[in-house]
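Enquirer: Before anything else, here's the structure in question.
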Amino acid sequence: MPGGLPTEALIFQVIVAKFGDHLPLYRQAEIYTRQGINLDRATLGNWVGRACFQLRPLVEHLRWHLRGADRLFMDGMAAPVLDPGRRRIRTGFFWAIVSDDLGHGAAGPPIILFHYAPGRGAVHALRFLEGYRGRFLQCDGFEAYEMLTEFVRPEGSWLLVHCWTHVRRRFVKGLQSDGSPTRQAGSRT
């Protein structure tokens, strides 16, 4: 922080506690107060915002690498989000976009980017995948992904590669319900 007292280590401690450990800034402020350090949550928020701004070039570099990947994985995960104006918690979604071609002979490291959206609709997936040139998108069976195959792009529409874990669940449920791994699973597909 220009002209500030916090070190990079302290700022990253606040960021890891907030995003990695899901510890809101007001709770972190309370923890620091118990330790005799008075830090307002607005100050902590300012540090997080400034640090995120400084990390933008790194995020753009990762996005540049992901945009060139032929195979991507995408998934959305629900997360509770504070809604201060209404004094309650609502559901938001973190979307992960991943490239990991180590199993295909690539030398580069796996890359993952998280995006936040207030919903899980196809509009968010399309926005996050804008500019990506890949052909294959591994995802679960959520209907929003099916809409990606209809989206016209210069590279052609996405080819969805569905997750085997979700297919396996149907066989496991069939086996649990009647002991038959094929009859039940085959009737649901």
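The values are calculated or read from the model by the stated rules, or taken from the named source; none is laboratory data. In this text the structure is predicted, and so the values were computed from the model without any measurement. Methodologically, a virtual Cβ is constructed for each residue, glycine included, from the backbone with ideal geometry; neighbour enumeration extends over all protein chains shown. The protein model used for the area step is the full one, side chains on, heavy atoms only, and it has no ligands, DNA or RNA in it. Shrake-Rupley method; radii C 1.70, N 1.55, O 1.52, S 1.80 Å.
Enquirer: Can you tell me the length gained on complete extension of the stretch PHE94 to ILE15, counting 0.36 nm per residue apart and subtracting the Cα distance?
Expert: My answer for the length gained is 26.8 nm.
Enquirer: Can I ask one more? For the stretch 1-106, which whole-number percentage of the solvent-accessible area (1.4 Å probe, protein heavy atoms only) is attributable to carbon and sulfur atoms?
Expert: Ligands and nucleic acids excluded, carbon and sulfur reach 58 percent.
Enquirer: Take ARG27 and GLU150, extend 7 Å from each Cα along the Cα→Cβ direction, and tell me the distance between the two endpoints in nm.
Expert: Result for the modelled spin labels: 4.1 nm.
Enquirer: Hey, got a sec? Which GluC sites (Glu not before Pro) in the stretch 1-107 land in a DSSP loop and have at most 13 other Cβ atoms within 10 Å?
Expert: Taking the stretch 1-107 and a limit of 13 other Cβ atoms within 10 Å, no loop GluC sites (Glu not before Pro) are found.
Enquirer: Let me ask something else. For LEU82, project a label point 7 Å along Cα to C-beta. Then give me every residue of the stretch 22-59 with its amide nitrogen under 13 Å of that point.
Expert: 22-31, 40-46, by backbone N distance to the label point.
Enquirer: Could you work out which residue, out of ILE37, ILE89, ILE15, moves most in a Gaussian network model of the chain, that is, has the largest mean-square fluctuation with Cα springs under 10 Å?
Expert: Residue with maximal mean-square fluctuation among ILE37, ILE89, ILE15: ILE37.
Enquirer: Given a 1.4 Å probe, how much area per residue of the chain is accessible, in Å²?
Expert: 67
Enquirer: For the stretch 1-101, just the Cα atoms, rotate onto the principal axes and tell me the three extents in Å, largest first.
Expert: Here the Cα extents, ordered largest to smallest, are 51, 36, 21 Å.
Enquirer: Can you give the FRET efficiency for ALA117 and LEU159, using 1/(1 + (r/R0)^6), R0 = 41 Å, r = Cβ-Cβ distance, to the nearest 0.05?
Expert: Here the calculated transfer efficiency is 0.95.
Enquirer: Say we join alpha carbon atoms closer than 10 Å with springs in a Gaussian network model of the chain; which of ALA144, ALA79, ALA17 then has the biggest fluctuation?
Expert: Sorting by GNM fluctuation, first place goes to ALA17.
Enquirer: Size of the dipole of the stretch 38-114 about the Cα centre, Lys and Arg at +1 and Asp and Glu at -1 on the beta carbon, nothing else charged, in debye to 20?
Expert: Result for the stretch 38-114 is approximately 500 debye, rounded to the nearest 20.
Enquirer: Which of the listed residues, ALA79, VAL98, PHE128, is farthest toward the dipole's positive end in the stretch 52-179, when Lys, Arg count +1 and Asp, Glu count -1 at the beta-carbon?
Expert: Farthest along the dipole direction, towards plus: ALA79.
Enquirer: In whole Å, how far is the Cα centre of the stretch 145-165 from that of the stretch 41-69?
Expert: 28
Enquirer: Percent antiparallel among DSSP beta bridges with both residues in the chain, to the nearest 5?
Expert: Counting DSSP beta bridges with both partners in the chain, the antiparallel share is about 70 percent.
Enquirer: Using the scaling law 2.2 N^0.38 Å as the reference, what is the normalised Cα Rg of the chain?
Expert: So the Cα radius of gyration is 1.32 times the expected 2.2 N^0.38 Å.
Enquirer: What is the extension gain from ASN38 to LYS173, computed as 0.36 nm multiplied by their sequence separation minus the C-alpha to C-alpha distance, in nm to one decimal?
Expert: Additional length available on full extension: 43.3 nm.
Enquirer: When only DSSP loop residues count, what GluC sites (Glu not before Pro) in the stretch 106-160 have their Cβ near at most 15 other Cβ atoms within 10 Å?
Expert: Those that pass, being in a loop and sparsely packed, are GLU130, GLU155.
Enquirer: Please check the chain for the longest run free of trypsin sites (Lys or Arg not before Pro) that are loop-located per DSSP (anything but H, G, I, E, B) and have at most 10 other Cβ atoms within 10 Å.
Expert: 88-189
Enquirer: For the chain, build the charge dipole from Cβ charges (+1 Lys, Arg; -1 Asp, Glu) around the Cα centre, then report which of CYS163, GLY141, THR7 sits farthest towards its positive end.
Expert: Checked the options; the winner is GLY141.
Enquirer: How far, in degrees from 0 to 90, does helix 164-178 lean away from the longest principal axis of the Cα atoms of the chain, to the nearest 10?
Expert: 70
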